[in-house]
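Engineer: Sharing a structure here in structure tokens format.
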Amino acid sequence: MTEKTLDVVGIGNAIVDVMTYVEEDFITKFGLNKGTMALVDEARVEQLYRAMGACAESSGGSVANTLAGIASFGGTAGFIGKVRDDAFGRVFSHDLRGAGVEFGTPPATDGLGTARSLIVVTPDAQRTMNTFLGVAAEIYSYDIDRELIARAKVLMLEGYLWDSLEARAGLNKAIKIAKESGTKVAFSLSDPFCVDRHRKDFLALVEGQLDIVFANEAEIMSLYEVKDFRSAVEKVRGRCEIAAITRSEKGSVVVTGDNEYAVPAEKIPEIVDSTGAGDLYASGFLYGLTHGMEPAACAALGSKAAGSIIQHLGARPLKPLKNLL
């Protein structure tokens, strides 16, 4: 069996985050649904980009954020994702490699541009995202790096990619490789609306293909179509090895077979930007898991990482997360 030289390899949308602060009237002027993520076409993303003014640009995407967090803890990580050979593609590649994550997927040379997520943060710290997926969803089976997955202890996947038939085929291939290589499979449900679109498939994955499931309270309740959190916990119990469910200021609950751990959220002085909280929770959790920590300790480390990231703008650590250890 291939030596496990990487803690986590992830497959996800390769997105450049374009972030700025705005006043409430920006939301009203452009008819945005505050606090949500909307998929938009290239014309709409260009309209909003022109109106945003000065912005901070960095590589993003849920799985890429998680991997950058793992590297910041001192772990080892690799990424599979698609960018275009354009300016935004170069920003993404440079940032992710600079964060310490292996990234070698060849860029596309024609077609749609690199994905962008325009993130505006209002004074109440709510982030509203308008995302142009571009070439990010065009991950084909031939992009799946067998050797990279076999080197990992955990393969991390995101539900958002299930919207693309091509990417879905790639993810299924990656899961098969992971099973053959002794690599555990983790999956983020991504978004309640994503769960609504793919509930049947996601239920089948949780039942038979996944070792670790990451979800927030709304996502897990959507998956099992229940109206209260406790019912969702009982539904997911025993379906996979670990279910890690975040509950914002209530902390998180980790379900492992017959055991359940409630872990409080970190107490922080002020929430500046909630972008990336769930992604960085997964960073802490997976770093802990791949370094021999018990589930409750993994969740506590996830809470620390999430608490750190929401105290500043952006979904990438400003200081090494290994300081939290």
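Engineer: So for L289, L210, fewest C-beta neighbours within 10 Å to most, what's the order?
Structural biologist: Numbers: L289 26, L210 22.
Lowest to highest Cβ neighbour count: L210, L289.
Engineer: Under a Cβ-Cβ cut-off of 13 Å, what is the net charge of the residues other than Q47 that fall near it, where Lys and Arg count +1 and Asp and Glu count -1? All intermediate terms of the calculation are to be shown ahead of the outcome.
Structural biologist: Values: positive: K29, R44, R50, R116; negative: D41, E42, E46.
Result for the local shell: +1.
Engineer: Which of S222, S164, S72 comes first, and how do the rest follow, when ranked by fewest Cβ neighbours within 10 Å? It would help to have the intermediate numbers written out before the result.
Structural biologist: On the way: S222 21, S164 18, S72 26.
Listing S222, S164, S72 from fewest to most nearby Cβ atoms yields S164, S222, S72.
Engineer: With springs connecting C-alpha atoms under 10 Å apart, model the chain as a Gaussian network and identify which of A178, A87, A218 has the largest mean-square fluctuation.
Structural biologist: Top of the fluctuation ranking is A87.
Engineer: Sum -39500 (n - 2.57) across every DSSP H segment of at least 4 residues in the chain, then divide by the residue count to get the 222 nm mean residue ellipticity, nearest 500. It would help to have the intermediate numbers written out before the result.
Structural biologist: Values: 12 runs with 122 residues, N = 325.
Calculated mean residue ellipticity at 222 nm is -11000 deg cm²/dmol.
Engineer: Say the cut-off is 25 Å between C-alpha atoms; which of K173/K200; K227/K250; K4/K267; K176/K200 go over it?
Structural biologist: On the way: K173/K200 19 Å; K227/K250 17 Å; K4/K267 35 Å; K176/K200 19 Å.
Flagged as over cut-off: K4/K267.
Engineer: For the chain, what is the relative contact order in percent, using Cα pairs closer than 8 Å and at least 6 residues apart in sequence? Can you show the working numbers first?
Structural biologist: Details: 733 pairs, mean separation 58.7, N = 325.
So the answer I get is 18 percent.
Engineer: Quick one: what are the phi-derived ³J(HN,Hα) couplings along segment 187-192, Karplus 6.51/-1.76/1.60 with θ = phi - 60°, whole Hz, x for glycine and proline?
Structural biologist: Running phi through 6.51 cos²θ - 1.76 cosθ + 1.60 with θ = phi - 60° gives 9, 9, 6, 6, 6, x Hz.
Engineer: Give the separation of the Cα centroids, segment 1-63 to segment 263-307, in Å.
Structural biologist: Centre-to-centre (Cα) distance: 21 Å.
Engineer: Also: Sorting C298, C55 on the 10 Å Cβ count, fewest up front, what's the list?
Structural biologist: Values: C298 27, C55 14.
So the residues, fewest neighbours to most, are C55, C298.
Engineer: Could you tally the net charge around E241, taking each other residue with its Cβ under 12 Å from the Cβ of E241, Lys/Arg +1 and Asp/Glu -1? Numbers along the way, then the final one.
Structural biologist: On the way: positive: K184, R237, R239; negative: D211.
In short, +2.
Only the coordinates and a few stated rules stand behind these numbers; no lab work does. Values in this document were obtained by computation on a predicted structure and should not be read as measured data. As a convention, Cβ positions derive from the backbone with ideal geometry for all residues, glycine included, and neighbour counts pool all protein chains shown.
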